[in-house]
Amino acid sequence: MNRICCVLLAMLPLSAWAYPIEVEKYYQGVDIDYTSHDTFYDTGAITVNNYGSVPAKCRVVFQNGPEAPKTRRVTVAAKKSVDVSAKFNRSIIKLRIKLSCEPE
């Protein structure tokens with residue numbers, strides 16, 4: 001019985017629930033990559049990496065169901081990365097992110 005309890009307790013972190021994240025990307029002449037994160041139940045984040053040799057102006061739109069979309073505008077320097085996040089009033093069920101970048 002103790003072994004079964006130990007196995008169940010060991011598997012507990014594997015059952016952590018995370019919400020799905022969809023990312024639509026629109027790049028125009030820049031070498032950009034991203035990594036999305038589910039940081040907290042009401043906060044979503046994305047890391048934007050610029051691998052190009054010119055700075056990029058990016059617009060990130062976070063959308064969570066019926067709430068109003070939250071827009072963030074950032075400038076990513078050449079060979080640098082920027083973290084962008086948005087906090088919502090409700091728990092996130094499914095997060096949609098639109099990432100559009102162009103050279104500065």
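The values are calculated or read from the model by the stated rules, or taken from the named source; none is laboratory data. A quick note: this is a predicted structure, and the numbers were derived from the prediction, not measured. FYI the Cβ positions are ideal-geometry reconstructions off the backbone, even for glycines, and counts take in every protein chain you see.
One table, with the values for the structure above:
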read-out	value
Inter-residue pairs, beta-carbon under 7 Å, first without any contact (Cβ under 8 Å) to a residue 60 or more places away in the chain and in the range 78-96, second surrounded by 13 or more Cβ atoms within 10 Å (Cβ to Cβ) and of a type in the set (Gly, Ala, Ser), 6+ apart	Ala78/Gly52; Asp83/Ala45; Val84/Ala45; Ser85/Gly44; Ser85/Ala45; Ala86/Gly44
Count of the range 55-104 residues which are in contact with an Asp or Glu (Cβ under 7 Å, 6 or more places away or on another chain) and on the phi > 0 side of the Ramachandran plot	0
Matching residues, the range 75-101, being assigned to a strand (DSSP E or B) and either loosely packed, with under 15 Cβ neighbours inside 10 Å or polar (S, T, N, Q) (or both)	Thr75, Ser81, Asp83, Ser85, Lys87, Ser100
Residues of the range 55-77 that turn out to be closer than 20 Å to Gly29 by Cα and modelled with pLDDT under 95, as a count	0
